[in-house]
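J.: Have a look at the structure that comes next, please.
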Amino acid sequence: MNPLKKFLFELQEITTLIVHAFIGLFKKPYYLVDLVKQMDIIGVGSLPIVLLTGFFTGGVLILQTFPTLAYYGIQNEAGRSVSTSLIRELGPVLSALMVSGRIGSAISAELGSMVVSQQIDAMRALGTDPNRKLVAPRILALVLMLPFLTVAADIFGIIGGGIVASGLFNQSFDTFLTSVRNGITIEDIIGGLIKPLFFGLIIGSISCHKGLSTTGGTVGVGRSTTSAVVLSSIVVIIFDFFLSKAIQTILDVKPI
Amino acid sequence: MLSPQTEEPILTEEIIEEELEPTDLEEAVDNVERAVPAIEFRDVYLAFDDKIILDGVSFTVRRGETKVILGRSGGGKSTTIRLILGLLKPDAGQILIDGEDITDYSEVEMMEVRKKIGMVFQEGALFDSLSVYDNVAYRLHEQRVDEEEVEKEVRRMLKFVDLEDAIDKMPAELSGGMRRRVGIARALVGDPQIVMFDEPTAGLDPPTARTICELAIKLRDLEDVSSIFVTHEMKNVEYLSSEHATVNEEGEVVFEMEGEELCLINTEIIMLREGKIIFSGKDEELLASKNPYIQKFMRGK
């Protein structure tokens with residue numbers, strides 16, 4: 001199969017998976033328990049790594065930009081610079097990449113193992129649609145939890161930036177926070193919350209698709225796990241560019 | 001009443017109701033239903049890319065019959081089972097379950113058909129994250145059955161496979177044979193009238209393999225279940241086609257050997273080779289076959 005044909009085939013498979021999972025959400029039986037369980041694993045389970053990522057990203061942003069801002073005499077705008085970067089871009093993307101690494105790999109490995117040990121076949125033989133029981137709760141949990149994780153990463157990033165600004169550059173925390181408040185617009189917040197919804201869908205659908213299409217035993221499980229993480233990370237980054245442009249146009253986001 | 005042309009008696013509905021007792025009627029209806037094969041393959045073809053998996057396969061499984069599918073690995077045995085469950089679709093031909101053509105059924109329609117089929121997978125295919133209880137109860141939990149009833153049914157099934165003590169264990173704590181038996185218990189929940197075994201004894205020691213065969217014999221002779229038993233082991237063929245399960249005066253299940261007094265007609269064998277049926281018949285005919293491939297297979301070569 002040539003690469004273009006393969007790409008189109010995979011795109012078709014992923015689209016079909018999303019459509020089936022979406023339709024399945026409205027049919028009985030409802031898998032609410034599975035959804036809550038996945039939300040716990042994805043949301044609560046990923047919180048520590050996302051918070052750490054956000055905190056240190058905010059910190060390093062101030063560490064790198066403060067001297068430059070001070071050179072131009074606008075160090076009081078440090079909060080604005082870090083909050084805008086985090087809320088518009090780094091918070092959603094870094095949270096998505098961390099979740100892709102932690103959850104995308106777990107989903108793909110779990111579903112892949114179920115495929116090679118015939119558990120998916122057994123599930124179908126027992127009258128359960130794996131798309132509804134396994135795929136839909138995972139994708140929905142990712143779509144619902146990633147915005148919360150992003151907000152948490154943003155907040156901890158701003159806190160991290162504030163601590164570095166006050167601790168290393170002797171800027172008062174109040175000055176930093178005032179700058180943050182002045183810098184954030186409602187369009188930034190809306191844009192920053194729309195992105196993780198799409199990223200959750202991307203990570204969930206790619207990971208589930210890679211897991212369910214596993215072939216070749218345990219070696220195959222490793223292969224699908226790797227490709228799930230790599231592909232979802234790349235698609236998140238590519239999609240981020242087009243999403244940013246679309247949000248800028250639709251919400252009429254002004255430059256800093 | 002006589003027919004003017006044939007002078008044969010014609011049974012109208014009124015006469016049937018008058019002359020036949022209700023029990024006779026029930027039996028008649030039951031007999032008509034029994035005449036319809038549980039599973040029927042009509043000229044089924046399947047290929048993956050250039051590789052032909054099934055090449056014009058036709059066979060029937062009657063009610064209460066066990067069809068043993070023999071053959072080497074890659075001969076299309078497991079594929080046959082997957083086709084019956086609708087996990088794969090044939091390229092050509094028809095597949096009928098209880099006289100119902102399921103060939104073009106959608107996944108949603110197949111869900112209904114699968115409710116009357118139990119499937120025992122090669123390694124058990126138990127859900128790793130669920131306990132033995134939850135594995136066996138899976139189908140009932142999905143149907144939102146009352147927990148009290150679920151527990152009763154799970155215990156009944158685990159008693160059938162003699163694994164009541166393992167009810168709270170996780171699949172990782174079970175041996176290979178125990179996993180297969182839990183798989184059988186899970187497949188039997190809901191009392192399906194068709195059960196399929198996909199190499200259930202592969203990799204098991206002889207006594208455990210024998211236990212699995214005994215369970216299949218019990219299902220056939222005591223529960224009137226139609227089944228397909230995929231295997232490549234001749235010992236399994238010997239057990240299934242020469243022993244009969246019955247309940248003695250003490251209420252215990254005993255296994256009688258086929259002999260002068262007993263001749264088993266509810267077990268047949270088909271052998272697949274490269275997607276084609278090369279043998280279909282009783283065990284005696286298989287043993288007497290002059291086909292060099294079959295002889296080699298039976299000698300384990």
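J.: Being exposed (fewer than 11 other Cβ atoms within 10 Å of the Cβ) and either assigned to a helix (DSSP H, G or I) or at pLDDT below 90 (or both) is true for just one of B:33, B:18. Which residue is that?
T.: The match here is B:18.
J.: Shifting gears a bit: Which one is nearest to the chain's Cα centre (by Cα) among residues in the stretch B:118-130 that are closer than 24 Å to residue B:168 by Cβ and open to solvent by less than 20 Å² (accessible area, probe 1.4 Å)?
T.: Among residues in the stretch B:118-130 that are closer than 24 Å to residue B:168 by Cβ and open to solvent by less than 20 Å² (accessible area, probe 1.4 Å), the one nearest to the chain's Cα centre (by Cα) is B:118.
J.: Given the conditions (1) open to solvent by less than 50 Å² (accessible area, probe 1.4 Å); (2) of a type outside the set (Lys, Arg); (3) within 30 Å of residue B:130 (Cβ to Cβ), and given that residue A:41 satisfies all but one, which numbered condition is not satisfied?
T.: Tallying (1) open to solvent by less than 50 Å² (accessible area, probe 1.4 Å); (2) of a type outside the set (Lys, Arg); (3) within 30 Å of residue B:130 (Cβ to Cβ), residue A:41 fails exactly one: (1).
J.: Which pairs have Cβ atoms under 9 Å, sit 6 or more apart or on different chains, and link a residue in the stretch B:128-140 that is facing chain A (nearest Cβ under 9 Å) to one that is of a type in the set (Lys, Arg) and open to solvent by 20 Å² or more (accessible area, probe 1.4 Å)?
T.: As it stands, the answer is B:139/B:115, since those pairs meet every condition given.
J.: Just the residues that are β-branched (Val, Ile, Thr), more than 14 Å from chain A (Cβ to nearest Cβ) and out of contact with any Lys or Arg (no Cβ under 7 Å at 6 or more places or on another chain), please, taken from the stretch B:185-229.
T.: Result: B:201, B:208, B:211, B:217, B:225.
J.: Looking at the stretch B:155-165, which of the residues that are in a helix (DSSP H, G or I) and away from chain A (no Cβ under 14 Å) is nearest to the chain's Cα centre (by Cα)?
T.: Looking at residues that are in a helix (DSSP H, G or I) and away from chain A (no Cβ under 14 Å), I get B:160.
J.: Just to be sure I understand, how many residues within the stretch B:81-117 are facing chain A (nearest Cβ under 10 Å), open to solvent by less than 30 Å² (accessible area, probe 1.4 Å) and in contact with an Asp or Glu (Cβ under 9 Å, 6 or more places away or on another chain)?
T.: Count: 6.
J.: Anything in the stretch A:103-119 that is of a type outside the set (Gly, Ala, Ser) and within 14 Å of chain B (Cβ to nearest Cβ)? List them, or say none.
T.: If the condition is that a residue be of a type outside the set (Gly, Ala, Ser) and within 14 Å of chain B (Cβ to nearest Cβ), then A:107, A:110, A:111, A:114, A:115, A:116, A:118, A:119 are the ones that fit.
J.: Please name all residue pairs, on different chains or six or more residues apart, with Cβ atoms under 6 Å, provided the first residue is in the stretch A:162-179 and is in contact (Cβ under 8 Å) with a residue 12 or more places away in the chain and the second residue is surrounded by 12 or more Cβ atoms within 10 Å (Cβ to Cβ) and basic (Lys, Arg).
T.: A:179/A:80
J.: Same structure again: Restricting the search to the stretch A:1-53, which residues are more than 21 Å from residue A:130 (Cβ to Cβ) and within 12 Å of another protein chain (Cβ to nearest Cβ)?
T.: Once the filter is applied, which keeps residues that are more than 21 Å from residue A:130 (Cβ to Cβ) and within 12 Å of another protein chain (Cβ to nearest Cβ), the stretch A:1-53 yields only A:1.
J.: Can I ask one more? Could you tell me which residue of the stretch A:26-38 is nearest to residue A:101 (Cα to Cα), considering only residues that are at pLDDT below 90 and either surrounded by 15 or more Cβ atoms within 10 Å (Cβ to Cβ) or of a type in the set (Ser, Thr, Tyr) (or both)?
T.: Among those that are at pLDDT below 90 and either surrounded by 15 or more Cβ atoms within 10 Å (Cβ to Cβ) or of a type in the set (Ser, Thr, Tyr) (or both), it is A:31.
J.: Ok, one more. Which members of the stretch A:127-149 meet the condition of being within 12 Å of another protein chain (Cβ to nearest Cβ) and surrounded by 24 or more Cβ atoms within 10 Å (Cβ to Cβ)?
T.: A:134 - this is the single residue of the stretch A:127-149 that is within 12 Å of another protein chain (Cβ to nearest Cβ) and surrounded by 24 or more Cβ atoms within 10 Å (Cβ to Cβ).
The values are calculated or read from the model by the stated rules, or taken from the named source; none is laboratory data. What you are looking at is a predicted structure, and each value in this text was computed from that prediction instead of being measured. Every residue, glycine as well, gets a Cβ built from its backbone with ideal geometry; the counts of neighbours run over all protein chains shown. Surface accessibility is based on the protein's heavy atoms, side chains included, excluding ligands, DNA and RNA. Shrake-Rupley method; radii C 1.70, N 1.55, O 1.52, S 1.80 Å.
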